[in-house]
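The values are calculated or read from the model by the stated rules, or taken from the named source; none is laboratory data. What you see is a predicted model; the values in this text were computed from it and never measured. Reconstructed Cβ throughout: ideal geometry from the backbone, glycine too, with neighbour counts over all protein chains shown. Accessible surface is based on the protein model in full, side chains and every heavy atom, while ligands, DNA and RNA are left aside. Shrake-Rupley method; radii C 1.70, N 1.55, O 1.52, S 1.80 Å.
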Amino acid sequence: MKINFEHNQSAHCENGVVSNLLNYNGLKISEPMVFGIASGVFFIYIPFIKVNFAPAFSFRPVPGFIFSRVSKRLGFKIKRHKFKSTEKAQQTLDAELAKNNPVGLQVGVYNLTYFPDEYRFHFNAHNLVVYGKEGDNYLISDPVMPEVTTLSSKELEKVRFAKGPFAPNGHIYYPTQLPDHIDLKKAITKGIKQAYRRMLAPVPIVGYRGIRYVAKQIRKWPDKIGAKKTNHYLGQLVRMQEEIGTGGGGFRFIFAAFLEEASVIMENPRLAELSKEMTVIGDQWRDFAIDASRLYKNRSRETDAYNKIADKLDMIALAEKAFFLDLKKAIK
Amino acid sequence: MKKEEVPQDESSLSKANIKEIVYAVDKDGKYGKALSSGWEAKTIALNKSLELIEEQLQETIHKIKQGELSPIAYYMELNRMDVVVLSGYVGFWQWKVKRHLKAKIFKKLSEKTLKKYAEVFEVSLEELKNPKI
(Lines give C-alpha, C1' and ligand atoms only; values in the text may rest on other atoms or scores of the structure.)
Protein backbone atom coordinates (compact mmCIF):
# COMPACT_ATOMS: atom_id res chain seq x y z
CA MET A 1 0.00 0.00 0.00
CA LYS A 2 1.50 3.26 -1.09
CA ILE A 3 -0.01 6.71 -0.79
CA ASN A 4 0.73 9.09 -3.63
CA PHE A 5 2.86 11.39 -1.49
CA GLU A 6 5.33 13.96 -2.72
CA HIS A 7 8.67 13.92 -0.92
CA ASN A 8 10.46 17.24 -0.76
CA GLN A 9 13.83 17.44 0.94
CA SER A 10 14.03 20.30 3.39
CA ALA A 11 16.50 22.01 5.68
CA HIS A 12 14.69 21.35 8.92
CA CYS A 13 12.74 18.22 9.79
CA GLU A 14 9.62 19.64 11.41
CA ASN A 15 9.15 22.38 8.79
CA GLY A 16 9.61 19.76 6.13
CA VAL A 17 7.06 17.35 7.57
CA VAL A 18 4.48 20.11 8.01
CA SER A 19 5.06 21.53 4.54
CA ASN A 20 4.93 18.09 2.88
CA LEU A 21 1.82 16.99 4.81
CA LEU A 22 -0.01 20.23 3.98
CA ASN A 23 0.99 19.92 0.33
CA TYR A 24 -0.53 16.46 0.27
CA ASN A 25 -3.72 17.83 1.78
CA GLY A 26 -4.00 20.44 -0.93
CA LEU A 27 -2.34 23.47 0.62
CA LYS A 28 0.81 24.49 -1.23
CA ILE A 29 3.06 26.07 1.34
CA SER A 30 6.86 26.32 1.28
CA GLU A 31 9.21 25.32 4.07
CA PRO A 32 10.23 28.92 4.85
CA MET A 33 6.55 29.94 4.96
CA VAL A 34 5.84 27.21 7.52
CA PHE A 35 8.88 28.32 9.53
CA GLY A 36 7.87 32.00 9.46
CA ILE A 37 4.20 31.53 10.28
CA ALA A 38 5.28 29.32 13.19
CA SER A 39 7.72 31.97 14.48
CA GLY A 40 10.45 29.38 14.05
CA VAL A 41 13.29 31.85 14.47
CA PHE A 42 14.39 31.68 18.07
CA PHE A 43 17.23 31.37 20.54
CA ILE A 44 17.31 29.85 23.98
CA TYR A 45 20.14 28.79 26.25
CA ILE A 46 19.23 26.14 28.83
CA PRO A 47 22.27 25.60 31.05
CA PHE A 48 20.46 23.21 33.38
CA ILE A 49 19.52 20.68 30.68
CA LYS A 50 22.48 18.67 29.48
CA VAL A 51 22.56 17.10 26.02
CA ASN A 52 25.64 15.00 25.23
CA PHE A 53 27.38 16.36 28.34
CA ALA A 54 26.96 19.99 27.31
CA PRO A 55 24.26 22.58 28.04
CA ALA A 56 21.36 22.81 25.63
CA PHE A 57 21.17 25.62 23.10
CA SER A 58 18.24 25.86 20.79
CA PHE A 59 17.70 27.88 17.67
CA ARG A 60 14.11 26.79 17.31
CA PRO A 61 10.99 26.40 19.48
CA VAL A 62 10.16 23.21 21.38
CA PRO A 63 9.44 20.27 19.04
CA GLY A 64 5.80 20.16 18.04
CA PHE A 65 5.27 23.92 18.37
CA ILE A 66 5.85 24.58 14.70
CA PHE A 67 2.94 22.43 13.60
CA SER A 68 0.66 23.63 16.43
CA ARG A 69 1.27 27.28 15.63
CA VAL A 70 0.81 26.81 11.88
CA SER A 71 -2.47 24.98 12.45
CA LYS A 72 -3.75 27.67 14.79
CA ARG A 73 -2.76 30.51 12.49
CA LEU A 74 -4.08 28.92 9.30
CA GLY A 75 -7.19 27.58 11.00
CA PHE A 76 -7.08 23.81 10.80
CA LYS A 77 -6.96 21.11 13.43
CA ILE A 78 -4.28 18.56 14.20
CA LYS A 79 -4.96 15.10 15.45
CA ARG A 80 -2.28 13.74 17.76
CA HIS A 81 -1.88 10.34 19.39
CA LYS A 82 0.65 9.15 21.94
CA PHE A 83 0.87 5.60 23.22
CA LYS A 84 2.00 3.43 26.07
CA SER A 85 1.56 0.24 24.10
CA THR A 86 3.68 -0.43 21.04
CA GLU A 87 0.95 -2.65 19.50
CA LYS A 88 -1.64 0.10 19.71
CA ALA A 89 0.84 2.55 18.22
CA GLN A 90 1.34 0.31 15.21
CA GLN A 91 -2.39 -0.41 14.85
CA THR A 92 -3.21 3.29 14.79
CA LEU A 93 -0.49 3.94 12.24
CA ASP A 94 -1.69 1.09 10.00
CA ALA A 95 -5.29 2.26 10.30
CA GLU A 96 -4.37 5.78 9.15
CA LEU A 97 -2.35 4.44 6.24
CA ALA A 98 -5.30 2.25 5.25
CA LYS A 99 -7.39 5.44 5.11
CA ASN A 100 -4.87 6.87 2.64
CA ASN A 101 -3.63 9.30 5.24
CA PRO A 102 0.13 9.96 5.37
CA VAL A 103 1.14 10.81 8.95
CA GLY A 104 3.90 12.67 10.74
CA LEU A 105 5.87 10.81 13.39
CA GLN A 106 8.16 12.06 16.13
CA VAL A 107 11.13 9.71 16.45
CA GLY A 108 14.52 9.24 18.08
CA VAL A 109 17.53 9.64 15.81
CA TYR A 110 19.80 7.00 17.35
CA ASN A 111 18.26 3.96 15.69
CA LEU A 112 17.57 5.50 12.30
CA THR A 113 19.50 2.97 10.25
CA TYR A 114 19.70 5.13 7.15
CA PHE A 115 21.63 7.89 8.95
CA PRO A 116 25.44 7.76 8.88
CA ASP A 117 26.74 6.44 12.19
CA GLU A 118 28.35 9.79 13.02
CA TYR A 119 24.96 11.44 13.14
CA ARG A 120 23.34 8.96 15.46
CA PHE A 121 22.78 10.45 18.89
CA HIS A 122 20.01 10.05 21.43
CA PHE A 123 18.05 12.99 20.15
CA ASN A 124 14.32 12.35 20.27
CA ALA A 125 12.70 15.24 18.45
CA HIS A 126 13.26 14.24 14.87
CA ASN A 127 10.27 14.18 12.51
CA LEU A 128 9.40 12.14 9.46
CA VAL A 129 6.38 11.05 7.43
CA VAL A 130 5.16 7.50 6.90
CA TYR A 131 3.29 7.27 3.60
CA GLY A 132 2.77 3.57 3.08
CA LYS A 133 3.61 0.00 3.90
CA GLU A 134 4.92 -2.77 1.68
CA GLY A 135 5.19 -6.15 3.35
CA ASP A 136 6.87 -5.52 6.68
CA ASN A 137 8.48 -2.29 5.49
CA TYR A 138 7.14 1.17 6.16
CA LEU A 139 7.70 3.75 3.44
CA ILE A 140 9.42 6.74 4.98
CA SER A 141 9.74 10.30 3.79
CA ASP A 142 12.41 11.77 6.05
CA PRO A 143 12.57 15.45 5.12
CA VAL A 144 16.32 15.77 5.64
CA MET A 145 17.03 12.84 3.29
CA PRO A 146 17.34 13.44 -0.47
CA GLU A 147 15.16 10.43 -1.33
CA VAL A 148 12.43 8.41 0.35
CA THR A 149 13.55 5.40 2.36
CA THR A 150 12.11 2.48 4.36
CA LEU A 151 12.19 1.07 7.89
CA SER A 152 11.06 -2.38 8.98
CA SER A 153 8.22 -2.46 11.50
CA LYS A 154 10.71 -3.41 14.20
CA GLU A 155 13.08 -0.57 13.30
CA LEU A 156 10.22 1.89 13.23
CA GLU A 157 8.95 0.72 16.61
CA LYS A 158 12.42 1.27 18.07
CA VAL A 159 12.64 4.88 16.95
CA ARG A 160 9.02 5.62 17.88
CA PHE A 161 9.64 4.37 21.39
CA ALA A 162 13.08 5.85 21.91
CA LYS A 163 13.69 6.85 25.54
CA GLY A 164 15.30 9.80 27.26
CA PRO A 165 14.49 13.54 27.08
CA PHE A 166 11.59 14.34 24.69
CA ALA A 167 10.70 10.63 24.45
CA PRO A 168 8.25 10.43 21.54
CA ASN A 169 5.99 7.67 23.00
CA GLY A 170 4.92 6.69 19.52
CA HIS A 171 3.71 10.22 18.80
CA ILE A 172 1.79 10.38 15.52
CA TYR A 173 0.11 13.45 14.09
CA TYR A 174 -1.68 14.68 11.00
CA PRO A 175 -3.79 17.64 9.90
CA THR A 176 -7.55 17.20 9.68
CA GLN A 177 -9.92 19.07 7.38
CA LEU A 178 -8.29 22.18 5.94
CA PRO A 179 -10.47 25.30 5.62
CA ASP A 180 -11.62 26.53 2.18
CA HIS A 181 -10.24 29.97 2.70
CA ILE A 182 -6.85 30.67 4.21
CA ASP A 183 -5.79 34.14 5.31
CA LEU A 184 -2.05 34.04 4.76
CA LYS A 185 -1.58 37.74 5.51
CA LYS A 186 -3.05 37.41 8.96
CA ALA A 187 -1.04 34.26 9.67
CA ILE A 188 2.21 35.93 8.56
CA THR A 189 1.54 38.96 10.76
CA LYS A 190 0.93 36.75 13.76
CA GLY A 191 4.05 34.72 13.05
CA ILE A 192 6.23 37.79 12.79
CA LYS A 193 4.77 39.37 15.90
CA GLN A 194 5.48 36.36 18.04
CA ALA A 195 8.98 36.05 16.58
CA TYR A 196 10.06 39.54 17.57
CA ARG A 197 8.32 39.32 20.93
CA ARG A 198 10.28 36.19 21.77
CA MET A 199 13.56 37.50 20.42
CA LEU A 200 13.18 40.74 22.39
CA ALA A 201 11.77 39.05 25.50
CA PRO A 202 12.93 40.40 28.86
CA VAL A 203 14.21 36.96 29.86
CA PRO A 204 17.98 36.53 30.32
CA ILE A 205 18.31 33.18 28.53
CA VAL A 206 15.93 33.87 25.62
CA GLY A 207 16.33 35.81 22.38
CA TYR A 208 19.09 38.36 21.89
CA ARG A 209 19.60 38.49 25.65
CA GLY A 210 20.20 34.75 25.64
CA ILE A 211 22.86 35.16 22.93
CA ARG A 212 24.51 37.89 24.97
CA TYR A 213 24.39 35.68 28.05
CA VAL A 214 26.16 32.86 26.21
CA ALA A 215 28.82 35.34 25.05
CA LYS A 216 29.38 36.30 28.68
CA GLN A 217 29.68 32.65 29.67
CA ILE A 218 32.23 31.98 26.90
CA ARG A 219 34.48 34.59 28.52
CA LYS A 220 34.19 32.83 31.89
CA TRP A 221 34.23 29.19 30.83
CA PRO A 222 37.98 28.73 30.14
CA ASP A 223 38.83 29.68 33.75
CA LYS A 224 35.81 28.06 35.29
CA ILE A 225 35.57 24.71 33.51
CA GLY A 226 38.81 24.55 31.52
CA ALA A 227 39.56 24.85 27.81
CA LYS A 228 38.55 21.29 27.00
CA LYS A 229 35.01 21.56 28.30
CA THR A 230 34.64 25.05 26.87
CA ASN A 231 35.54 23.70 23.45
CA HIS A 232 33.03 20.91 23.81
CA TYR A 233 30.31 23.40 24.76
CA LEU A 234 31.19 25.54 21.74
CA GLY A 235 31.02 22.45 19.56
CA GLN A 236 27.53 21.81 20.88
CA LEU A 237 26.51 25.36 20.02
CA VAL A 238 27.78 24.96 16.45
CA ARG A 239 26.07 21.62 16.09
CA MET A 240 22.73 22.87 17.36
CA GLN A 241 23.00 25.76 14.94
CA GLU A 242 23.72 23.62 11.92
CA GLU A 243 23.33 19.93 12.27
CA ILE A 244 21.20 17.55 10.34
CA GLY A 245 19.12 15.23 12.50
CA THR A 246 18.82 17.75 15.27
CA GLY A 247 16.82 19.76 12.78
CA GLY A 248 19.45 22.39 12.16
CA GLY A 249 20.18 23.92 8.81
CA GLY A 250 20.91 27.61 9.08
CA PHE A 251 17.70 28.84 10.70
CA ARG A 252 18.51 32.49 10.04
CA PHE A 253 18.61 31.85 6.30
CA ILE A 254 15.28 30.04 6.38
CA PHE A 255 13.79 33.04 8.16
CA ALA A 256 15.33 35.40 5.58
CA ALA A 257 13.79 33.28 2.80
CA PHE A 258 10.44 33.58 4.61
CA LEU A 259 10.69 37.37 4.82
CA GLU A 260 11.37 37.56 1.10
CA GLU A 261 8.28 35.47 0.35
CA ALA A 262 6.23 37.37 2.92
CA SER A 263 7.21 40.72 1.42
CA VAL A 264 5.38 39.84 -1.80
CA ILE A 265 2.26 38.47 -0.10
CA MET A 266 2.05 41.38 2.33
CA GLU A 267 2.94 43.92 -0.38
CA ASN A 268 5.46 45.30 2.07
CA PRO A 269 8.85 46.08 0.47
CA ARG A 270 10.37 46.76 3.88
CA LEU A 271 10.23 43.02 4.61
CA ALA A 272 12.41 42.33 1.55
CA GLU A 273 15.00 44.74 2.91
CA LEU A 274 14.84 43.04 6.27
CA SER A 275 15.31 39.71 4.53
CA LYS A 276 18.65 41.01 3.27
CA GLU A 277 19.58 42.14 6.77
CA MET A 278 18.75 38.73 8.16
CA THR A 279 20.99 37.17 5.51
CA VAL A 280 23.87 39.29 6.80
CA ILE A 281 23.15 38.10 10.35
CA GLY A 282 23.05 34.50 9.11
CA ASP A 283 26.48 35.02 7.60
CA GLN A 284 27.69 36.39 10.93
CA TRP A 285 26.50 33.19 12.63
CA ARG A 286 28.46 31.20 10.07
CA ASP A 287 31.59 33.27 10.71
CA PHE A 288 31.16 32.60 14.39
CA ALA A 289 30.87 28.85 13.72
CA ILE A 290 34.06 28.90 11.62
CA ASP A 291 36.01 30.71 14.36
CA ALA A 292 34.65 28.47 17.09
CA SER A 293 35.56 25.33 15.14
CA ARG A 294 39.09 26.61 14.46
CA LEU A 295 39.48 27.33 18.13
CA TYR A 296 38.83 23.80 19.23
CA LYS A 297 40.56 22.21 16.29
CA ASN A 298 43.81 23.94 17.23
CA ARG A 299 43.18 23.46 20.94
CA SER A 300 43.99 27.08 21.53
CA ARG A 301 44.89 27.82 25.12
CA GLU A 302 44.95 31.60 24.99
CA THR A 303 41.97 33.11 26.73
CA ASP A 304 42.11 35.98 24.29
CA ALA A 305 40.82 33.72 21.53
CA TYR A 306 37.72 33.01 23.60
CA ASN A 307 37.17 36.70 24.22
CA LYS A 308 37.36 37.32 20.50
CA ILE A 309 34.65 34.85 19.60
CA ALA A 310 32.60 36.10 22.53
CA ASP A 311 32.92 39.57 20.97
CA LYS A 312 31.56 38.13 17.73
CA LEU A 313 28.60 36.65 19.54
CA ASP A 314 27.98 39.98 21.27
CA MET A 315 27.89 41.63 17.85
CA ILE A 316 25.35 39.09 16.67
CA ALA A 317 23.20 39.73 19.75
CA LEU A 318 23.28 43.46 19.02
CA ALA A 319 22.50 42.92 15.35
CA GLU A 320 19.56 40.69 16.17
CA LYS A 321 18.24 43.17 18.70
CA ALA A 322 18.32 45.95 16.11
CA PHE A 323 16.86 43.65 13.48
CA PHE A 324 13.85 42.57 15.53
CA LEU A 325 13.16 46.13 16.65
CA ASP A 326 13.07 47.09 12.95
CA LEU A 327 10.86 44.13 12.17
CA LYS A 328 8.46 45.31 14.84
CA LYS A 329 8.25 48.71 13.17
CA ALA A 330 7.85 47.18 9.71
CA ILE A 331 4.81 45.11 10.61
CA LYS A 332 2.85 47.82 12.40
CA MET B 1 24.78 33.10 2.17
CA LYS B 2 25.23 33.17 -1.57
CA LYS B 3 24.56 30.05 -3.62
CA GLU B 4 28.14 29.88 -4.85
CA GLU B 5 29.34 30.04 -1.23
CA VAL B 6 27.33 27.01 -0.14
CA PRO B 7 30.02 24.73 1.32
CA GLN B 8 30.82 21.53 -0.53
CA ASP B 9 33.24 20.01 1.96
CA GLU B 10 33.91 16.39 2.66
CA SER B 11 31.77 15.08 5.53
CA SER B 12 30.31 11.86 6.86
CA LEU B 13 27.19 12.81 4.93
CA SER B 14 29.03 13.07 1.65
CA LYS B 15 30.58 9.65 2.33
CA ALA B 16 27.07 8.25 2.64
CA ASN B 17 26.15 10.10 -0.56
CA ILE B 18 23.71 12.40 1.19
CA LYS B 19 23.50 16.09 0.52
CA GLU B 20 21.58 18.44 2.71
CA ILE B 21 19.42 21.42 1.89
CA VAL B 22 20.36 24.96 2.82
CA TYR B 23 18.72 28.20 1.84
CA ALA B 24 20.89 30.62 -0.11
CA VAL B 25 20.52 33.61 -2.43
CA ASP B 26 21.17 33.49 -6.17
CA LYS B 27 22.75 36.19 -8.37
CA ASP B 28 19.53 38.22 -8.41
CA GLY B 29 19.40 38.13 -4.62
CA LYS B 30 16.47 35.69 -4.58
CA TYR B 31 16.27 32.88 -2.03
CA GLY B 32 16.07 29.25 -3.00
CA LYS B 33 17.15 25.78 -1.97
CA ALA B 34 20.73 24.68 -2.53
CA LEU B 35 22.50 21.38 -1.83
CA SER B 36 25.55 21.11 0.39
CA SER B 37 27.77 18.06 0.74
CA GLY B 38 29.02 19.20 4.12
CA TRP B 39 30.70 22.01 5.95
CA GLU B 40 34.09 21.83 7.60
CA ALA B 41 33.09 23.87 10.66
CA LYS B 42 30.26 21.46 11.37
CA THR B 43 32.34 18.36 10.67
CA ILE B 44 34.97 19.53 13.15
CA ALA B 45 32.35 20.09 15.82
CA LEU B 46 30.86 16.67 15.20
CA ASN B 47 34.21 14.86 15.14
CA LYS B 48 35.40 16.58 18.30
CA SER B 49 32.27 15.52 20.06
CA LEU B 50 32.79 11.92 18.91
CA GLU B 51 36.43 12.11 20.04
CA LEU B 52 35.26 13.19 23.46
CA ILE B 53 32.91 10.23 23.67
CA GLU B 54 35.77 7.92 22.69
CA GLU B 55 38.12 9.48 25.27
CA GLN B 56 35.48 9.10 27.94
CA LEU B 57 34.99 5.48 26.92
CA GLN B 58 38.71 4.77 27.27
CA GLU B 59 38.71 6.38 30.68
CA THR B 60 35.76 4.25 31.71
CA ILE B 61 37.51 1.09 30.48
CA HIS B 62 40.48 2.04 32.62
CA LYS B 63 38.24 2.52 35.66
CA ILE B 64 36.54 -0.83 35.06
CA LYS B 65 39.93 -2.54 35.00
CA GLN B 66 40.77 -0.78 38.26
CA GLY B 67 37.64 -2.32 39.76
CA GLU B 68 35.94 1.03 40.22
CA LEU B 69 33.18 1.01 37.60
CA SER B 70 30.90 -1.76 36.37
CA PRO B 71 30.54 -2.99 32.77
CA ILE B 72 27.21 -1.16 32.62
CA ALA B 73 29.19 2.08 32.43
CA TYR B 74 31.08 0.68 29.45
CA TYR B 75 28.00 -0.41 27.51
CA MET B 76 26.17 2.79 28.38
CA GLU B 77 28.90 4.91 26.83
CA LEU B 78 29.41 2.53 23.93
CA ASN B 79 25.77 3.17 23.05
CA ARG B 80 26.31 6.94 23.43
CA MET B 81 23.90 7.03 26.35
CA ASP B 82 24.02 8.91 29.61
CA VAL B 83 22.32 8.04 32.89
CA VAL B 84 19.12 9.87 31.91
CA VAL B 85 18.75 7.99 28.62
CA LEU B 86 19.74 4.63 30.09
CA SER B 87 17.31 5.05 32.97
CA GLY B 88 14.58 5.60 30.38
CA TYR B 89 15.44 2.39 28.56
CA VAL B 90 15.82 0.06 31.57
CA GLY B 91 13.01 1.69 33.52
CA PHE B 92 14.95 2.20 36.76
CA TRP B 93 15.24 5.47 38.61
CA GLN B 94 18.33 7.48 37.74
CA TRP B 95 19.78 7.14 41.22
CA LYS B 96 19.47 3.37 40.88
CA VAL B 97 21.24 3.34 37.53
CA LYS B 98 24.00 5.46 39.05
CA ARG B 99 24.42 2.86 41.80
CA HIS B 100 24.61 0.07 39.24
CA LEU B 101 27.54 1.80 37.58
CA LYS B 102 29.66 0.96 40.62
CA ALA B 103 31.61 -2.29 40.41
CA LYS B 104 30.83 -3.30 44.00
CA ILE B 105 27.07 -2.90 43.58
CA PHE B 106 27.13 -4.57 40.16
CA LYS B 107 28.43 -7.82 41.68
CA LYS B 108 25.39 -8.04 43.94
CA LEU B 109 22.80 -7.44 41.21
CA SER B 110 20.17 -10.09 40.59
CA GLU B 111 19.94 -12.01 37.34
CA LYS B 112 16.64 -10.26 36.62
CA THR B 113 18.17 -6.80 36.87
CA LEU B 114 21.16 -7.77 34.78
CA LYS B 115 18.89 -9.21 32.09
CA LYS B 116 17.20 -5.85 31.70
CA TYR B 117 20.51 -4.17 31.00
CA ALA B 118 21.61 -6.96 28.66
CA GLU B 119 18.41 -6.56 26.66
CA VAL B 120 18.84 -2.81 26.30
CA PHE B 121 22.45 -3.16 25.20
CA GLU B 122 21.57 -6.16 23.01
CA VAL B 123 24.26 -8.39 24.50
CA SER B 124 24.15 -11.74 26.30
CA LEU B 125 24.35 -11.96 30.08
CA GLU B 126 27.84 -13.39 29.70
CA GLU B 127 28.93 -10.43 27.54
CA LEU B 128 27.41 -8.02 30.01
CA LYS B 129 29.37 -9.48 32.89
CA ASN B 130 32.61 -9.87 30.94
CA PRO B 131 32.80 -7.23 28.24
CA LYS B 132 35.60 -7.56 25.70
CA ILE B 133 37.55 -4.50 26.67
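Checking each residue of segment B:28-48 against the condition of being within 30 Å of A:Met33 (Cβ to Cβ), open to solvent by 20 Å² or more (accessible area, probe 1.4 Å), small (Gly, Ala, Ser) and out of contact with any Lys or Arg (no Cβ under 6 Å at 6 or more places or on another chain) gives at least one match. In segment A:73-104, of all residues being open to solvent by 40 Å² or more (accessible area, probe 1.4 Å), of a type in the set (Gly, Ala, Ser) and in a helix (DSSP H, G or I), the one that is nearest to A:His7 (Cα to Cα) corresponds to A:Ala98.
Selection of segment B:2-57 for residues being among the β-branched types (Val, Ile, Thr), part of a loop (DSSP other than H, G, I, E, B) and facing chain A (nearest Cβ under 9 Å) yields only B:Ile18.
Among B:Ile105, B:Ile53, B:Ile133, which is the only one that is open to solvent by 20 Å² or more (accessible area, probe 1.4 Å) and modelled with pLDDT of 95 or more? If you could, list the steps in order and put the result at the bottom.
Values: B:Ile53 fails: modelled with pLDDT of 95 or more; B:Ile133 fails: modelled with pLDDT of 95 or more.
From the options B:Ile105, B:Ile53, B:Ile133, the qualifying one is B:Ile105.
Under 21 Å from the mean Cα position of the chain (by Cα), within 14 Å of chain B (Cβ to nearest Cβ), of a type in the set (A, V, I, L, M, F, W, C) and closer than 20 Å to A:His12 by Cα, is that true of A:Phe115? Against the criterion (under 21 Å from the mean Cα position of the chain (by Cα), within 14 Å of chain B (Cβ to nearest Cβ), of a type in the set (A, V, I, L, M, F, W, C) and closer than 20 Å to A:His12 by Cα), A:Phe115 qualifies. Please specify each residue of segment A:254-281 satisfying the condition of being out of contact with any Pro (no Cβ under 7 Å at 6 or more places or on another chain) and either of a type in the set (A, V, I, L, M) or at pLDDT below 95 (or both). Across segment A:254-281, the qualifying residues are A:Ala256, A:Leu259, A:Ala262, A:Val264, A:Ile265, A:Met266, A:Leu271, A:Ala272, A:Leu274, A:Met278, A:Val280, A:Ile281. Within segment A:17-37, if we keep just the residues that are touching a helix residue (DSSP H, G or I) at 6+ places or on another chain (Cβ under 6 Å) and either β-branched (Val, Ile, Thr) or under 18 Å from A:Phe59 (Cβ atoms) (or both), the residue that is surrounded by the most Cβ atoms within 10 Å (Cβ to Cβ) turns out to be A:Val18. Sub-6 Å Cβ pairs linking a first residue in segment B:41-57 that is more than 13 Å from A:Asn52 (Cα to Cα) to a second residue that is part of a helix (DSSP H, G or I), at least 6 apart or interchain, are B:Ala41/A:Ala289; B:Ala41/A:Ile290; B:Ala41/A:Ser293; B:Lys42/A:Glu242; B:Ile44/A:Ser293; B:Ile44/A:Lys297; B:Leu57/B:Glu77, ordered by first then second residue.
Taking into account only those residues within segment A:249-280 that are outside any helix (DSSP H, G or I) and within 11 Å of chain B (Cβ to nearest Cβ), which is surrounded by the most Cβ atoms within 10 Å (Cβ to Cβ)?
The extreme case among them is A:Gly250.
Quick test for you: out of A:Ser85, A:Ser19, A:Ser39, A:Ser30, pick the one residue that is small (Gly, Ala, Ser), at pLDDT 95 or above and more than 21 Å from the chain's Cα centre (by Cα). Walk me through how you get there before you give the answer.
Working: A:Ser19 fails: more than 21 Å from the chain's Cα centre (by Cα); A:Ser39 fails: more than 21 Å from the chain's Cα centre (by Cα); A:Ser30 fails: more than 21 Å from the chain's Cα centre (by Cα).
Residue meeting the stated conditions: A:Ser85.
The combined condition, being surrounded by fewer than 14 Cβ atoms within 10 Å (Cβ to Cβ) and more than 14 Å from chain A (Cβ to nearest Cβ), is fulfilled by B:Lys65. Would segment A:222-244 turn up any residue that is charged (D, E, K, R), open to solvent by 40 Å² or more (accessible area, probe 1.4 Å) and within 20 Å of A:Phe48 (Cβ to Cβ)? Yes, because at least one residue in segment A:222-244 is charged (D, E, K, R), open to solvent by 40 Å² or more (accessible area, probe 1.4 Å) and within 20 Å of A:Phe48 (Cβ to Cβ).
Taken over segment A:44-72, residues that are open to solvent by less than 10 Å² (accessible area, probe 1.4 Å), within 29 Å of A:Lys185 (Cβ to Cβ) and either in contact with a strand residue (DSSP E or B) (Cβ under 7 Å, 6 or more places away or on another chain) or in a helix (DSSP H, G or I) (or both) amount to 3. When the residues of segment A:281-306 are narrowed to those that are more than 11 Å from chain B (Cβ to nearest Cβ) and small (Gly, Ala, Ser), which ends up nearest to B:Ala45 (Cα to Cα)? That would be A:Ser300. Restricting attention to segment A:14-46 and to residues that are of a type in the set (Ser, Thr, Tyr) and within 14 Å of another protein chain (Cβ to nearest Cβ), the residue that is nearest to A:Ser71 (Cα to Cα) turns out to be A:Ser19. Are any residues in segment B:92-122 out of contact with any helix residue (DSSP H, G or I) (no Cβ under 7 Å at 6 or more places or on another chain), outside any helix (DSSP H, G or I) and closer than 19 Å to A:Lys163 by Cβ, and if so, which ones? If the condition is that a residue be out of contact with any helix residue (DSSP H, G or I) (no Cβ under 7 Å at 6 or more places or on another chain), outside any helix (DSSP H, G or I) and closer than 19 Å to A:Lys163 by Cβ, then B:Phe92, B:Glu122 are the ones that fit. Please verify whether A:Pro179 is buried (at least 21 other Cβ atoms within 10 Å of the Cβ) and in a loop (DSSP other than H, G, I, E, B), treating the condition exactly as stated. No: the conditions fail for A:Pro179. If you filter segment A:130-154 down to residues that are touching a residue at least 60 places away in the same chain (Cβ under 8 Å) and of a type in the set (Ser, Thr, Tyr), you find that the one that is farthest from A:Thr92 (Cα to Cα) is A:Ser141. More than 22 Å from A:Asp117 (Cβ to Cβ) and touching a residue at least 60 places away in the same chain (Cβ under 8 Å): which single residue out of B:Ile64, B:Ile133 fits that description? Answer to the selection: B:Ile64.
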